[in-house]
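Visitor: Below you will find the structure I want to go over with you.
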Amino acid sequence: KDALGASVEILFTAAGTPKGLMLATIESSGTAAMRGAYDILARGQGYSIDESAVHLASFTAAGAPLTTLSCSVSHAGATFADLFGGALGLFRAAVVCRPDVSRADRAQKLHLISTAPYGAGWSTTITDDDLLSNDGDPVLAVERADAPNVVIVSRPLGLTSDATDQLSLADHPAVEAQGRREAEYRVPAANKDALWPIAKAAAASHLAADQTLQVLSVRVAPWVRAEVGDVVYLDLTHPAIWTWAANPGSPGYSGPARVVGRKINPRTLQTTLVLLIDGAVQIRALSPAAEIAAFQHATTPTWIDVPLIYLPHMTAALAAAGGPVWLYHYKVGAVENVGERHQVSAAAEVGGLCRLTIAANPTGHTLSTAARSTLTLPTLGGGHIAAWQANFAHIDDGTQWG
């Protein structure tokens, strides 16, 4: 402060994608690389959590826009939720502590998870036989927060200013019927033109889907392995759930659910899961269209790399099949068919990508990244699809994606 009473505040800023900035905030100690590869920020800007307590692959696998959108933040006086809560909420994600299921000791680590009620590759199936009714009703409908009918996305114009650019989308009939219910997401994007198209799509998805979401509390046996962030498949007939997908609807629910909460009774070990489902629309993940990023050989590859976001789906497919699975190849603008296929025997992360080990290449075609070679599931009538894959493959008559 000078003689005139004026003061100057010097602020550090950090730039990068939400994924990179979150990891840097978690790890940074003020001493470069002491906590891990993302320990890069000056003192006072991070939580100094060691990289061994962070599941890095989950952050990378989140995909766009959390791994692509350019952002700029200042950590001064701001919490993790202040900095990233808006982006996480808008794009249906969260950072949670959960077991690392890839390790034998299931060590607790910070994970970046999806909170959408749908997804490919459920971790387990929960049926009526898994429910515990010895301590009351095993399935309860939980009162949920009011769904927004107005979504506002704001972008800060400065580090210390409250001024923002804003994008607002509203479901006007719902506003008239229910009254105005706002949800605002503050996203520190560096470029307005880059943010608005993806923000508009994300905001529209909230308005379209959130009205019909249901929240369930389900009490299950301790051997049901489901962690926060997992997708599970429910096949329940309990009357507390109502499926509106068919007319006039029916009790029970068969479909995916997202685990958003989990608690264990330390005495009885019974487990209570909080699940997010959509009983109005039959939601299933689309058949994956995994664009090939690299390959070992264009005609007879022993491995093929695709984006890391497909690793959970492929590992689940291999585990469910109990052996190799098939994928069909096509180039953008062409049609996938039995004449271009690869047998996949393993999937693992290599160099930030999902590497598929190819056990067989029985057809003569050529892979090309220039022509955007893509892998997808076999068609149902092609004779190569596994039972688990069929939950995500498209119907051959072209009328439905299932």
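Visitor: Across the stretch 378-383, in residue order, what do the Karplus-derived ³J(HN,Hα) couplings come to in whole Hz, using 6.51 cos²θ - 1.76 cosθ + 1.60 with θ = phi - 60° and x for Gly and Pro?
Guide: Values per residue, Gly and Pro as x: x, 5, 5, x, x, x Hz.
Visitor: While we're here: Any idea what the dipole of the stretch 45-142 comes to, in debye rounded to 20, about its Cα centre with Lys/Arg Cβ at +1 and Asp/Glu Cβ at -1?
Guide: 460 debye
Visitor: Chymotrypsin sites (Phe, Trp or Tyr not before Pro), restricted to the stretch 1-67: which are DSSP loop and have at most 14 other Cβ atoms within 10 Å?
Guide: Here the sparse-neighbourhood loop sites are 12, 47.
Visitor: Let me know the shape class of the stretch 126-181, please: from the alpha-carbon gyration tensor, a ≥ b ≥ c as square roots of the eigenvalues, rounded when a/c is under 1.5, otherwise prolate if a/b is greater than b/c, or oblate.
Guide: The shape class here is prolate.
Visitor: Using 14 Å as the cut-off for backbone N distance, which residues of the stretch 53-77 belong to the label zone defined by a point 7 Å from the Cα of residue 103 along Cα→Cβ?
Guide: 53-58
Visitor: Now a separate question. Could you name the lysines whose alpha carbon sits less than 28 Å from that of residue 109, not counting residues in the same chain fewer than 8 places away?
Guide: 19, 263
Visitor: How many nm separate the modelled label positions at residue 369 and residue 291, each set 7 Å beyond the Cα in the direction of the Cβ?
Guide: Those two pseudo-labels are separated by 1.2 nm.
Visitor: OK, next. Give the aspartates and glutamates reachable from residue 331 as a straight Cα distance under 18 Å; neighbours fewer than 8 places away on the same chain don't count.
Guide: 291, 305, 340
Visitor: Separate question: Residue farthest toward the positive end of the dipole of the chain, with Cβ of Lys/Arg at +1 and Asp/Glu at -1: which of 203, 385, 275?
Guide: 385
Visitor: Here is a further query. Mind computing the radius of gyration and Dmax over the alpha-carbon atoms of the stretch 55-207? Å is fine for both.
Guide: Rg, Dmax (Cα atoms, Å): 18.9, 56.
Visitor: For residue 15 and residue 32 in the same chain, what is the full-extension length gain: residue separation times 0.36 nm, less their Cα-Cα distance, in nm?
Guide: 4.5 nm
Visitor: Next question. Rounded to the nearest 0.05, what FRET efficiency is calculated for residue 338 and residue 298 with R0 set to 35 Å and r the Cβ-Cβ distance?
Guide: Between residue 338 and residue 298 the formula returns 0.95.
Visitor: For the stretch 52-85 and the stretch 129-157, what is the separation of their C-alpha centers, rounded to whole Å?
Guide: 24 Å
Visitor: Quick one: longest stretch of the chain between exposed loop GluC sites (Glu not before Pro), exposed meaning at most 10 other C-beta atoms within 10 Å and loop per DSSP?
Guide: Value returned for the longest uninterrupted segment is 144-402.
Visitor: So what's the net charge close to residue 195: Lys and Arg +1, Asp and Glu -1, counting the other residues with Cβ under 14 Å from its Cβ?
Guide: Charge balance near residue 195 sits at +2.
Visitor: So if R0 is 22 Å, what FRET efficiency would residue 194 and residue 162 give, r being the distance between their Cβ atoms, rounded to the nearest 0.05?
Guide: With R0 = 22 Å, the Cβ-Cβ based efficiency is 0.50.
Visitor: While we're looking at this one, here's another question. Where Lys and Arg each count +1 and Asp and Glu each count -1, what net charge lies around residue 292 among other residues with Cβ under 9 Å from its Cβ?
Guide: Combined, the nearby Lys, Arg, Asp and Glu give -1.
Visitor: Bin all alpha-carbon pair distances of the chain at 20 Å intervals from 0 and give each bin's fraction as a whole percent.
Guide: Percent of Cα pairs in each bin: 23, 54, 22, 2, 0.
Visitor: Ok, one more. Given 134, 240, 84, which one lies farthest toward the positive end of the charge dipole of the chain, if we put +1 on the Cβ of every Lys and Arg and -1 on the Cβ of every Asp and Glu?
Guide: Going by the charge dipole, the pick is 84.
Visitor: Can you give the charge dipole size of the chain about its Cα centre, rounded to the nearest 20 debye, using +1 on the beta carbon of Lys and Arg and -1 on the beta carbon of Asp and Glu?
Guide: 520 debye
Visitor: Return, for the Cα atoms of the stretch 290-391, the radius of gyration and Dmax in Å, separated by a comma.
Guide: 12.3, 35
Visitor: Next up: Between residue 129 and residue 213, what's the calculated FRET efficiency when r is the beta-carbon distance and R0 is 25 Å? Round to 0.05.
Guide: It comes out at approximately 0.45.
Visitor: Normalising by the residue count of the chain, find the relative contact order in percent from Cα pairs under 8 Å and 6+ residues apart.
Guide: Taking the mean separation of contacting Cα pairs over the length of the chain, I get 12 percent.
Visitor: Here's another thing I want to ask about it. Using DSSP to define loop residues, name the trypsin sites (Lys or Arg not before Pro) in the stretch 1-105 whose beta-carbon has at most 12 other beta-carbon atoms within 10 Å.
Guide: 1, 43, 103
Bear in mind these aren't lab numbers, they're just calculated from the coordinates by the rules spelled out. None of these values were measured; they are calculated from a predicted model. No Cβ is skipped: glycine too gets one built from the backbone with ideal geometry, and neighbour counts run over all protein chains shown.
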